[in-house]
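The values are calculated or read from the model by the stated rules, or taken from the named source; none is laboratory data. In this text the structure is predicted, and so the values were computed from the model without any measurement. No Cβ is skipped: glycine too gets one built from the backbone with ideal geometry, and neighbour counts run over all protein chains shown. Just the protein is used for accessible areas: all its heavy atoms, side chains included, with ligands, DNA and RNA removed. Shrake-Rupley method; radii C 1.70, N 1.55, O 1.52, S 1.80 Å.
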Amino acid sequence: MTGDAVTFASASNMLLWQALTLTLISFVVGALGGFVGLALGTMRLPAMLLMGIQSPVAAGTNILISSLASLTGALRHYREGRVDRRIVMVMGVPSFAGALVGGFASDVAPEGALVFLVGLLVLWQGVEFLLLFSNRRHSDRIHTFGTDLEGSSGIFSPNRTAIGSCVGLSVGLLGGTVGLILGSIRLPAIIRILRVDPRIAVGTNMFIGFFMGSLGWIGHAARGQVDYSLLLIMGTAAMAGSYIGSQFTGRVPLNTLILVIGVILLAVGAFLVGRGATL
C-alpha cells in the first residue's frame, strides 16, 4: 500500500490502477492492430513511458508484447503461403541481427534521446496512416501502394538486394533499441525496393516482425530491462485483442478506424517529441 493506493507487484513499482490501465490499452491496441495488420507498438510504448516506466524497461517489455501480438498473424500468413523465404533472407536476417544488437545497446543512448526518437517514429506512423486513409477514399483496396505489383514475385537484383539488406539492418537496430518492431516502416520498404506483391509483403513482414521482436527482447532481458509482470498481463491482453480484432476485420468502417489511429499517433508523437526535447 502507498496511502490509499494499491500497488501492483512488478519491477516498475506501479500502482494497480496504472497496471490495469496499461492492460486495457494493450488490449485495445491489440484489437486495432488486428484490424489493420500491424502490431502498433508505437501506440503502446508511449503509454508505458507516460506511466513512468523507464525507457529501457518499457522498450524491452513492449518489443516482446508486439512480437506476441504478431504471432497469430504470422502463423496464418505462413500457413497460407504468404511468406517469401527470399525476402526473409534479404531483409529479415539483417533485421534479426540488428534487433539483437540494438537490444543490447538500448541503454547507451540517454533517455531524452530515446523518447525523442520514439516520438519521431510515432509521428511518422501517424503520417503513414493519414496518407493511407486519404488514398483509401479513392480505392477499395487495403494496400494503396504497390497495387501494380499484384502477382509479382519480386526483383532480387544485386543492387536491390544490397539496399534491402541495409534497410533491414537499420530498421532492426532502431527497433531493437527503442522497443518497436517497426513493421509500418519495413512493409513499404519491402514493396518499393524488392517490387513484390503487397500480399506477400504483408505476410512476410509480419513473419519477420515476430522473430525480430523476439530477438530484440533477448538483449533487453539479458540486461534486466523487462518487467515480466507487466509482460504477462499486457502480452496476454494484446494477443486476445489481436485475435478478436482480426475476426472483425471488414465488419466495421476501416477507413474511419485508420483515420482515428492516425490522428492519435500524431498527437502522441508530438507530445513525446516535446517531452524528449526537455529531458
Q | Single condition G92 does not satisfy, out of (1) at pLDDT below 90; (2) touching a Gly at 6+ places or on another chain (Cβ under 7 Å); (3) crowded, with 24+ Cβ neighbours inside 10 Å; (4) part of a helix (DSSP H, G or I) | A | (1)
Q. Condition test on T61, is it touching an Asp or Glu at 6+ places or on another chain (Cβ under 8 Å) and within 27 Å of I258 (Cβ to Cβ)?
A. yes
Q: Select from segment 160-171 the residues that are more than 14 Å from L121 (Cβ to Cβ) and either open to solvent by less than 50 Å² (accessible area, probe 1.4 Å) or in contact (Cβ under 8 Å) with a residue 40 or more places away in the chain (or both) and list them in ascending order.
A: T161, G164, S165, C166, V167, G168, L169
**Q.** Only one of R192, R275, R223 that is of a type in the set (D, E, K, R) and touching a Ser or Thr at 6+ places or on another chain (Cβ under 9 Å)
**A.** R223
Q: Please find, among S242, S246, the residue that is surrounded by fewer than 24 Cβ atoms within 10 Å (Cβ to Cβ) and touching a residue at least 24 places away in the same chain (Cβ under 8 Å).
A: S246
Q.
If I go through segment 27-42 residue by residue, how many of them are open to solvent by 10 Å² or more (accessible area, probe 1.4 Å) and either modelled with pLDDT of 85 or more or among the charged types (D, E, K, R) (or both)?
A. 3
**Q.** Every residue from segment 194-208 that is more than 15 Å from the chain's Cα centre (by Cα), in contact (Cβ under 8 Å) with a residue 60 or more places away in the chain and part of a helix (DSSP H, G or I)
**A.** L194, R199, I200, A201
Q: Kindly indicate whether F211 is part of a helix (DSSP H, G or I), in contact with a Leu (Cβ under 9 Å, 6 or more places away or on another chain) and open to solvent by 10 Å² or more (accessible area, probe 1.4 Å).
A: no
**Q.** Selected residue (criterion: modelled with the highest pLDDT) from residues of segment 1-26 that are loosely packed, with under 15 Cβ neighbours inside 10 Å, assigned to a loop (DSSP other than H, G, I, E, B) and not polar (S, T, N, Q)
**A.** V6
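Test of understanding: among V202, V178, which residue is open to solvent by less than 10 Å² (accessible area, probe 1.4 Å) and at pLDDT below 85?
Answer to the selection: V178.
Quick check on this structure: which one of R79, R86 is open to solvent by 10 Å² or more (accessible area, probe 1.4 Å) and without any contact (Cβ under 8 Å) to a residue 12 or more places away in the chain? Working first, answer last.
On the way: R86 fails: without any contact (Cβ under 8 Å) to a residue 12 or more places away in the chain.
Just a single option satisfies the conditions, and that option is R79.
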Q: Could you tell me whether D197 is of a type in the set (D, E, K, R), in contact with a Ser or Thr (Cβ under 7 Å, 6 or more places away or on another chain) and within 21 Å of S10 (Cβ to Cβ)?
A: no
Q) Only one of (1) under 18 Å from the mean Cα position of the chain (by Cα); (2) open to solvent by 50 Å² or more (accessible area, probe 1.4 Å); (3) not acidic (D, E) fails for V108. Which number is that? A) (1)
